[in-house]
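Undergrad: Below you'll find the structure I mean.
The numbers here are math on the coordinates, done by the rules we state, and not lab data. Just so it is clear, the model here is predicted, and its values are computed rather than measured. FYI the Cβ positions are ideal-geometry reconstructions off the backbone, even for glycines, and counts take in every protein chain you see.
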Amino acid sequence: MLRKNLIAKIHIGKSQLGLDDETYRQLLVSTTGKTSCTEMTESELQQVLNVMVQKGFKSNSHFWGNRAAPREDKKIYLAKITALLAKHSLPKEYADGIAKRSFKVDFVHWLQPWQLKKVVQMLAVYDRNRQH
């Protein structure tokens, strides 16, 4: 995980756990011996994050972020799109790019079911071409 992302998660954990600055710094010192995330290595940041998880921090990061749940008629298509993207280690922005290029819509979540079906078909062609 990127260093910047780890620091962001730690700060989210700080607010989620309701830690004041003094308590937060004590947690950092007791875990790594350092008072600031900027002084830490990636492994030390991961240690701090693990301690926060043990104390009750719940990371809510999902593949599609904090978007509203899709309607039932879209769920199947979005699940298939997610599976095809994950299979080829493609970022979710790849599907957003297809939506923008093909339908002039910024995000794949905003597409209608018939448009989502087309995106699935485009990704299936990509998948088929990668297998040969």
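Undergrad: Suppose every Lys and Arg Cβ carries +1 and every Asp and Glu Cβ carries -1, with no other charges. What dipole size does the chain come out with about its Cα centre, to the nearest 20 debye?
TA: Numbers: 22 positive and 12 negative charges, 156 e Å.
Computed about the Cα centre, the dipole is about 740 debye.
Undergrad: With point charges of +1 on the Cβ of Lys and Arg and -1 on the Cβ of Asp and Glu, referenced to the Cα centre of the chain, which listed residue (Gly56, Gly97, Leu116) lies farthest in the positive direction of the dipole?
TA: Value computed over the given set: Leu116.
Undergrad: Quote the charge dipole size of segment 3-54 about the Cα centre in Debye, to the nearest 20; the model charges only the Cβ of Lys and Arg (+1) and of Asp and Glu (-1). Numbers along the way, then the final one.
TA: On the way: 6 positive and 6 negative charges, 37 e Å.
The dipole of segment 3-54 has a size of about 180 debye.
Undergrad: With viscosity set to 1.002 mPa s at 20 °C, what whole-number translational diffusion coefficient in µm²/s follows for the chain from Stokes-Einstein and a Kirkwood radius over Cα pairs?
TA: On the way: Rh = 17.4 Å.
Translational diffusion coefficient: 123 µm²/s.
Undergrad: How many nm is it between the label spots at Gln112 and Thr38, if each spot is 7 Å from the Cα in line with the beta carbon?
TA: About 5.1 nm separates the two model spin labels.
Undergrad: Which value, in debye to the nearest 20, gives the size of the charge dipole of segment 72-131 about its Cα centre, when Lys and Arg are +1 and Asp and Glu are -1 at the Cβ?
TA: Details: 12 positive and 6 negative charges, 37 e Å.
The calculated dipole for segment 72-131 is roughly 180 debye.
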